[in-house]
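This report refers to the structure that appears directly beneath it.
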Amino acid sequence: MRILSVNVGKPRDNPWKDDAEFTGIDKRPVAGPVAVTAPGPKGDGSVGLAGDRVGDVQNHGGTEQAVYAYSREDYGHFEALLGYDLRAGMFGENLTVEGHDLSEARIGERWSGDGGLLLEVTCPRIPCNTFRGWMAVRGWLKTFTREARPGAYLSVVEPGTVEQGGELDVVERPDHDVTVAMFFKAAMGERDLIPRVLEAPSLAPADAAFLRSRG
C-alpha cells in the first residue's frame with residue numbers, strides 16, 4: 001500500500017471531553033521522514049510517531065494504539081455520504097494510505113516499511129465523543145458505526161520511519177478470519193461476534209478485556 005500522507009497532531013482544546021486537557025485529533029500532514037517507535041504502555045499520551053501525542057491518556061495511545069491508519073478508499077466512501085471532501089488527517093489518522101482494504105486487515109497482520117519498520121494490526125478505532133464533536137455531523141457516531149469502516153490501529157514491532165510517498169507491504173497475514181471490521185462490529189453491538197474475535201491468537205490482552213466488557 002502507498003502512504004499518501006503522514007499526519008501529526010496539532011494539540012488543541014477539547015470542549016467535547018471534560019477529562020482531557022487537550023486533543024490531538026487535529027492531525028496535519030508533515031513533510032520528510034518521521035521516526036516511528038514503540039511508545040510503551042498507555043497512560044502518558046505517548047504514541048508511535050515522533051512529534052505526536054494524545055490528550056485522552058486513559059483511552060488513547062500506548063502500545064496497542066501506537067499508529068492509526070485510514071484509507072483514501074474509505075474516505076471516498078464517506079465523502080459520497082457527506083457530500084464534501086475530507087482532507088488527509090481529518091479522522092485523526094497518522095497514516096493516510098491507499099491500496100489496501102483496512103477493514104479486511106486481520107488482527108495480527110504485519111506491515112513492513114522503511115528503515116526496518118514493522119507494524120502489527122491490533123484493533124479498530126472505536127468512535128468517541130471527541131470524534132463526534134470534531135466532525136460536527138448530526139448523527140455521526142451512528143453513521144460511522146453503521147458503515148463499519150473504522151481504520152486500523154497498529155503496534156510497533158520494530159522501529160523505522162514513514163514518509164509521504166513511501167510504501168508499506170503486508171508481510172504476514174494470520175491464518176484466521178478475525179478482521180478489523182469484525183472486531184469493530186463485535187465492539188459496537190453485534191455481541192454474537194465477540195467469542196469469534198476472542199479466539200484470535202494475536203489479540204492483545206487489553207483488547208480482549210475491552211471486548212469482554214462489551215459482552
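The values are calculated or read from the model by the stated rules, or taken from the named source; none is laboratory data. Bear in mind that the values here come from a model prediction, so they are computed numbers and not experimental data. Positions of Cβ are generated from backbone atoms using ideal geometry, with glycine treated the same way; all protein chains shown enter the neighbour counts. Quick note on the areas: whole protein, heavy atoms, side chains included, nothing else; ligands and nucleic acids left out. Shrake-Rupley method; radii C 1.70, N 1.55, O 1.52, S 1.80 Å.
General remarks:
- Qualifying residue in segment 153-164 (condition: part of a helix (DSSP H, G or I) and open to solvent by 10 Å² or more (accessible area, probe 1.4 Å)): no
- Strands (runs of 3 or more DSSP E) wholly inside segment 9-76 that include at least 1 residues being surrounded by fewer than 19 Cβ atoms within 10 Å (Cβ to Cβ) and aliphatic (A, V, I, L, M): 34-36
- Test: residue in segment 55-69 that is of a type in the set (Asp, Glu) and in contact with a Phe, Trp or Tyr (Cβ under 7 Å, 6 or more places away or on another chain): yes
- In summary, residue 206 fulfils each of the numbered conditions (1) open to solvent by 70 Å² or more (accessible area, probe 1.4 Å); (2) assigned to a helix (DSSP H, G or I); (3) in contact with a helix residue (DSSP H, G or I) (Cβ under 9 Å, 6 or more places away or on another chain) with the single exception of condition (1).
- Subset of segment 165-202 [open to solvent by less than 20 Å² (accessible area, probe 1.4 Å) and either assigned to a helix (DSSP H, G or I) or at positive phi (or both)]: 180, 181, 183, 184, 186, 187, 194, 197
- Filter pass, residue 212 being at negative phi, exposed (fewer than 14 other Cβ atoms within 10 Å of the Cβ) and assigned to a helix (DSSP H, G or I): yes
- Taking each residue of segment 54-82 that is modelled with pLDDT of 95 or more and looking for partners that are hydroxyl-bearing (Ser, Thr, Tyr) and part of a loop (DSSP other than H, G, I, E, B) with beta-carbon atoms closer than 9 Å, six or more apart or interchain, yields 66/37.
- Taken as a whole, the structure places residue 149 among residues that are out of contact with any strand residue (DSSP E or B) (no Cβ under 6 Å at 6 or more places or on another chain), touching a residue at least 60 places away in the same chain (Cβ under 8 Å), open to solvent by 20 Å² or more (accessible area, probe 1.4 Å) and not in a helix (DSSP H, G or I).
- Single residue of segment 153-177 satisfying the filter (small (Gly, Ala, Ser) and touching a Lys or Arg at 6+ places or on another chain (Cβ under 8 Å)) that is farthest from residue 82 (Cα to Cα): 166
- Pairs where the first residue, in segment 1-29, is free of Cβ contacts under 8 Å to residues at least 24 places away in the same chain and the second is surrounded by fewer than 16 Cβ atoms within 10 Å (Cβ to Cβ) and assigned to a strand (DSSP E or B), C-beta under 8 Å, 6+ apart: 10/28
- Leading residue by the ranking (surrounded by the most Cβ atoms within 10 Å (Cβ to Cβ)) among those in segment 100-127 that are within 13 Å of the chain's Cα centre (by Cα), part of a loop (DSSP other than H, G, I, E, B) and of a type outside the set (Lys, Arg): 107
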